[in-house]
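S.K.: One structure is given below, represented as structure tokens, and several questions about it will come after.
The values are calculated or read from the model by the stated rules, or taken from the named source; none is laboratory data. All values reported here derive from a predicted model rather than from experimental measurement. With ideal geometry, Cβ positions are generated from the backbone for all residues, glycine too; neighbour counts draw on all protein chains shown.
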Amino acid sequence: MPNTLLPRSSLDDVATRDRGRLIGRWQRLHAAGAQADAAQVVKLQAEIDASRARVEARRARIPAIRIDESLPIAARSEEIIRLIGAHQVLVLAGETGSGKTTQLPKLCLAAGRGAAGMIGCTQPRRIAARTVARRASSELGTSVGDLVGFQVRFDERIGDASLVKFMTDGILLAETQGDAWLSAYDTIILDEAHERSLNIDFLLGYLKRLLARRRDLKLIVTSATIDTARFAGHFDNAPVVEVEGRSHPVEVRWRPPVENGDANTVDQVVAAMDEISSADPLGDVLVFLPGEREIRDAHLALGRRKYRETEVLALYARLSANEQDRVFKPGPKRRIVLATNVAETSRTVPRIRYVIDSGTARVKRYSQRGQLERLHVEAISQAAADQRKGRCGRVGPGICYRLYAEDDFAQRARFTDPEILRTSLAGVILRMLSLKLGDVADFPFIEAPSERAIGDGYRRLIEIGAIDERHRLTRIGSEIANVPVDVSLARMLVEARRLGVLRELQVLVSFLSIQDPRERPAHVRAEADAAHARFADVKSDFNGILNLWAAYAEAHQEFTQSRLRDWCASNFLNFMRMREWRELHRQLVV
């Protein structure tokens, strides 16, 4: 072996993107011994030096780290930095307002992470990924896309020199398909893991396997202070750090609906809001409702009350980034923020003194009998209710109005059941097969799905020709594995290409993958129906959808953004859903 070949330890400081490739070449040259090609040795060492130089250049860009001393996590910052250095996995349990989401990436930078590869921080929702990236950028004195970036579906601001990347968990999961080693990262933070979405559970299992092969990778799992023992046990009894929230006392007031009364949820919200306004006309209020329709109805009802110096705002996932940002920038007026469960976690809505909790949320469940997934309005768990309560009491003593009875609360499930236990597994199985991860029954899920659910998933994939009877991926399965829609809809695209109707099916499949953009507000239902009838086709609902797409495409090309928004409003079409339809269609075309 040539004397000039550097020791194996010289590869410890290379960039994570380069490590696997350089180690492979080093091993081949080392095995060749004295027969190794001297020119190849020189070339390898030059590449090692270049990679180490890139790491040092990234390290030099890490700014001075200042932790917000007003946040509870600051008191544990030195301990957290020490544990990040000493352990491959850390579980951090933080109450609402602890500062874990905004400060933890900075603590990772202080621990020396982020130089060899990025610090990837997942969020359960797009709104959180964007807003937290802006907050982290501001605290590090940089602009979004420089030291700190983000990537969500349809939106990305990330640079080659970025040290921290915020993203949805779905984005990180998608990256495993192109880079099974996740070599862009030296540290991964799974934030809000207690939500136990399908993506989160899949990542928890995937990373458990990956960590055994990538000893250089660090993982931090953060959660509300619930069920942390399950996460720690999943990663071989990883250490747990608990951080208290910054909270004042919160009084709970129970306001269940009157038995046999006519009041609906919106009526209950208005009654609670009247009580709040009579006692405190200045305190900001956060109202949790199950969906956009309820938010629109409540917005109209509260607008009619004409509260003094009050603005009513909405917060849900489909709003534009600018509309979402308004919620996080309070002005001089008292605010009533109407939100879905996107406001339960991550970035905190500021200045909230009161919470009105409907006690419900929209939950997707798979019917094994009908083999369909449907959204149902269901009672939330005790843990979710406590998360909602914790959104007030941050700036002073708070009051949480629960629009249900105390004995109802006592009978609810302690935790929200994981999505993997209530969803179709066909897409999960297909993705696992495409990644060559083996049988779903052997995958290290933190909580394994039932044998029946696994069997249903396999049967569905066999029915659409994605796998054969021996559960091996077929050509069709390989084609649809990377399509970002339900497996049955993806199968339609494959068949459409064969039949020569791909263009039409791309429009229809993208439409069927989003929430229907056609709106029918209760107070103007006849007008909405008349507007929608202009696009209808008596022969086929699908032809009507194609007509709507053609009209929208023409308007999109002809109008400015402002006029396009007006066009959507005049036709009773949700502007954001129409935009989502167009973006998903673009993805399918590409």
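S.K.: Pick out the one residue from Thr340, Thr360 that is under 17 Å from the mean Cα position of the chain (by Cα) and not assigned by TED's automatic domain parsing to the domain that holds Gly99. Full working, then the answer.
M.R.: Values: Thr360 fails: under 17 Å from the mean Cα position of the chain (by Cα).
Thr340 is the lone residue from the list that is under 17 Å from the mean Cα position of the chain (by Cα) and not assigned by TED's automatic domain parsing to the domain that holds Gly99.
S.K.: Also, I was wondering about something else. If you scan segment 130-175, which residues turn out to be assigned to a loop (DSSP other than H, G, I, E, B), under 22 Å from Ser197 (Cα atoms) and out of contact with any strand residue (DSSP E or B) (no Cβ under 8 Å at 6 or more places or on another chain)? Break it down stepwise before answering.
M.R.: Of segment 130-175, the ones assigned to a loop (DSSP other than H, G, I, E, B) are 140-143, 145-147, 153-154, 158-163.
So of that shortlist, the ones also under 22 Å from Ser197 (Cα atoms) come out as 153-154.
Phe154, the sole residue that qualifies.
One line per residue, one yes/no per condition, for (1) part of a helix (DSSP H, G or I); (2) exposed (fewer than 14 other Cβ atoms within 10 Å of the Cβ); (3) among the acidic types (Asp, Glu); (4) touching a Lys or Arg at 6+ places or on another chain (Cβ under 9 Å):
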{"position": "Val266", "(1), (2), (3), (4)": "yes, no, no, no"}
{"position": "Glu275", "(1), (2), (3), (4)": "yes, no, yes, yes"}
{"position": "Pro281", "(1), (2), (3), (4)": "no, yes, no, yes"}
{"position": "Ile295", "(1), (2), (3), (4)": "yes, no, no, no"}
{"position": "His299", "(1), (2), (3), (4)": "yes, no, no, no"}
{"position": "Leu302", "(1), (2), (3), (4)": "yes, no, no, no"}
{"position": "Ala317", "(1), (2), (3), (4)": "no, no, no, yes"}
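S.K.: Collect the residues in segment 420-465 that are under 22 Å from the mean Cα position of the chain (by Cα), among the small types (Gly, Ala, Ser) and outside any loop (DSSP other than H, G, I, E, B), keeping them in residue-number order.
M.R.: Passing the criteria: Ala426, Gly427.
S.K.: Moving on. Kindly indicate which of Gly145, Gly141, Gly112 is among the small types (Gly, Ala, Ser), closer than 23 Å to Ala238 by Cβ and out of contact with any Phe, Trp or Tyr (no Cβ under 8 Å at 6 or more places or on another chain).
M.R.: Details: Gly145 fails: closer than 23 Å to Ala238 by Cβ; Gly141 fails: closer than 23 Å to Ala238 by Cβ.
Criteria check complete, one pass: Gly112.
S.K.: Looking at Ala528, Ala490, Ala533, which one is under 23 Å from Arg577 (Cβ atoms), over 32 Å from the mean Cα position of the chain (by Cα) and surrounded by 13 or more Cβ atoms within 10 Å (Cβ to Cβ)? Outline the logic, then answer.
M.R.: Working: Ala490 fails: over 32 Å from the mean Cα position of the chain (by Cα); Ala533 fails: surrounded by 13 or more Cβ atoms within 10 Å (Cβ to Cβ).
Going through Ala528, Ala490, Ala533 in turn, the sole match is Ala528.
S.K.: Within the bounds of segment 517-532, is there any residue that is of a type in the set (D, E, K, R), at pLDDT 95 or above, closer than 19 Å to Met492 by Cβ and not in a strand (DSSP E or B)?
M.R.: No, the conditions are met nowhere in segment 517-532.
S.K.: What's the number of the only condition in (1) over 24 Å from Val258 (Cα atoms); (2) of a type in the set (Ser, Thr, Tyr); (3) outside any strand (DSSP E or B) that Tyr366 fails to meet?
M.R.: (3)
S.K.: Which numbered condition trips up Arg520, out of (1) within 13 Å of His585 (Cβ to Cβ); (2) surrounded by fewer than 16 Cβ atoms within 10 Å (Cβ to Cβ)?
M.R.: Of the numbered conditions (1) within 13 Å of His585 (Cβ to Cβ); (2) surrounded by fewer than 16 Cβ atoms within 10 Å (Cβ to Cβ), the odd one out for Arg520 is (1).
S.K.: Moving to a separate point now. Picking from Ala39, Ala34, which residue would you name as being assigned to a helix (DSSP H, G or I) and either among the hydroxyl-bearing types (Ser, Thr, Tyr) or modelled with pLDDT under 85 (or both)? Outline the logic, then answer.
M.R.: Working: Ala39 fails: either among the hydroxyl-bearing types (Ser, Thr, Tyr) or modelled with pLDDT under 85 (or both).
Selected residue: Ala34, the only one of Ala39, Ala34 that is assigned to a helix (DSSP H, G or I) and either among the hydroxyl-bearing types (Ser, Thr, Tyr) or modelled with pLDDT under 85 (or both).
S.K.: Scan segment 365-376 for residues that are modelled with pLDDT of 80 or more and either surrounded by 14 or more Cβ atoms within 10 Å (Cβ to Cβ) or not assigned by TED's automatic domain parsing to the domain that holds Leu289 (or both) and report the count. First the steps, then the outcome.
M.R.: Of all residues in segment 365-376, those modelled with pLDDT of 80 or more come to 365, 376.
Going one step further and asking which of them are either surrounded by 14 or more Cβ atoms within 10 Å (Cβ to Cβ) or not assigned by TED's automatic domain parsing to the domain that holds Leu289 (or both), we end up with 365.
Residues in segment 365-376 being modelled with pLDDT of 80 or more and either surrounded by 14 or more Cβ atoms within 10 Å (Cβ to Cβ) or not assigned by TED's automatic domain parsing to the domain that holds Leu289 (or both): 1 in total.
S.K.: Of the numbered conditions (1) on the phi > 0 side of the Ramachandran plot; (2) surrounded by 15 or more Cβ atoms within 10 Å (Cβ to Cβ), Gly500 fails exactly one; give the number of that condition.
M.R.: Looking at each condition in turn, Gly500 falls short on (2).
S.K.: Of the residues Val91, Val132, Val148, Val55, which single one is modelled with pLDDT under 95 and either acidic (Asp, Glu) or in contact with a helix residue (DSSP H, G or I) (Cβ under 7 Å, 6 or more places away or on another chain) (or both)? Show your work before the answer.
M.R.: Numbers: Val91 fails: modelled with pLDDT under 95; Val148 fails: modelled with pLDDT under 95; Val55 fails: modelled with pLDDT under 95.
Among Val91, Val132, Val148, Val55, only Val132 is modelled with pLDDT under 95 and either acidic (Asp, Glu) or in contact with a helix residue (DSSP H, G or I) (Cβ under 7 Å, 6 or more places away or on another chain) (or both).
S.K.: Are any of the residues in segment 192-206 assigned by TED's automatic domain parsing to the domain that holds Ala93 and over 19 Å from the mean Cα position of the chain (by Cα)? Before you say what the answer is, go through the steps one by one.
M.R.: Going through segment 192-206, the residues assigned by TED's automatic domain parsing to the domain that holds Ala93 turn out to be 192-206.
Narrowing further to those that are over 19 Å from the mean Cα position of the chain (by Cα): none.
Checked against the condition, which is being assigned by TED's automatic domain parsing to the domain that holds Ala93 and over 19 Å from the mean Cα position of the chain (by Cα), segment 192-206 yields no hits at all.
S.K.: Can you find even one residue in segment 540-551 that is over 18 Å from Glu583 (Cα atoms), free of Cβ contacts under 8 Å to residues at least 40 places away in the same chain and of a type in the set (A, V, I, L, M, F, W, C)?
M.R.: Looking for residues that are over 18 Å from Glu583 (Cα atoms), free of Cβ contacts under 8 Å to residues at least 40 places away in the same chain and of a type in the set (A, V, I, L, M, F, W, C), one finds at least one in segment 540-551, hence yes.
Table: residues versus (1) farther than 21 Å from Arg369 by Cα; (2) assigned by TED's automatic domain parsing to the domain that holds Leu546; (3) among the hydroxyl-bearing types (Ser, Thr, Tyr).
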| residue | (1), (2), (3) |
| --- | --- |
| Asp408 | yes, no, no |
| Gln411 | yes, no, no |
| Thr423 | no, no, yes |
| Tyr458 | no, no, yes |
| Thr474 | yes, no, yes |
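S.K.: Which of the residues belonging to segment 239-257 are surrounded by fewer than 21 Cβ atoms within 10 Å (Cβ to Cβ), of a type in the set (A, V, I, L, M, F, W, C) and within 24 Å of the chain's Cα centre (by Cα)?
M.R.: Initial filter on segment 239-257 (surrounded by fewer than 21 Cβ atoms within 10 Å (Cβ to Cβ)): 239-242, 244-257.
With of a type in the set (A, V, I, L, M, F, W, C) added as a condition, the list becomes 240-241, 250, 252, 254.
Of everything in segment 239-257, those that are surrounded by fewer than 21 Cβ atoms within 10 Å (Cβ to Cβ), of a type in the set (A, V, I, L, M, F, W, C) and within 24 Å of the chain's Cα centre (by Cα) turn out to be Val240, Val241.
S.K.: Determine whether segment 577-584 contains at least one residue that is farther than 19 Å from Glu519 by Cα and at pLDDT below 95. Give the derivation first.
M.R.: Initial filter on segment 577-584 (farther than 19 Å from Glu519 by Cα): 583-584.
So of that shortlist, the ones also at pLDDT below 95 come out as 583-584.
Yes, some residue in segment 577-584 is farther than 19 Å from Glu519 by Cα and at pLDDT below 95.
S.K.: Name every residue in segment 441-477 that is free of Cβ contacts under 8 Å to residues at least 60 places away in the same chain and over 21 Å from Ala490 (Cα atoms), in order of residue number.
M.R.: If the condition is that a residue be free of Cβ contacts under 8 Å to residues at least 60 places away in the same chain and over 21 Å from Ala490 (Cα atoms), then Ala441, Asp442, Ala448, Pro449, Ser450, Glu451, Arg470 are the ones that fit.
S.K.: Here is a further query. How about segment 342-364: which of its residues are at pLDDT below 90 and hydrophobic (A, V, I, L, M, F, W, C)?
M.R.: The answer is Val342, Ala343, Val349, Val363.
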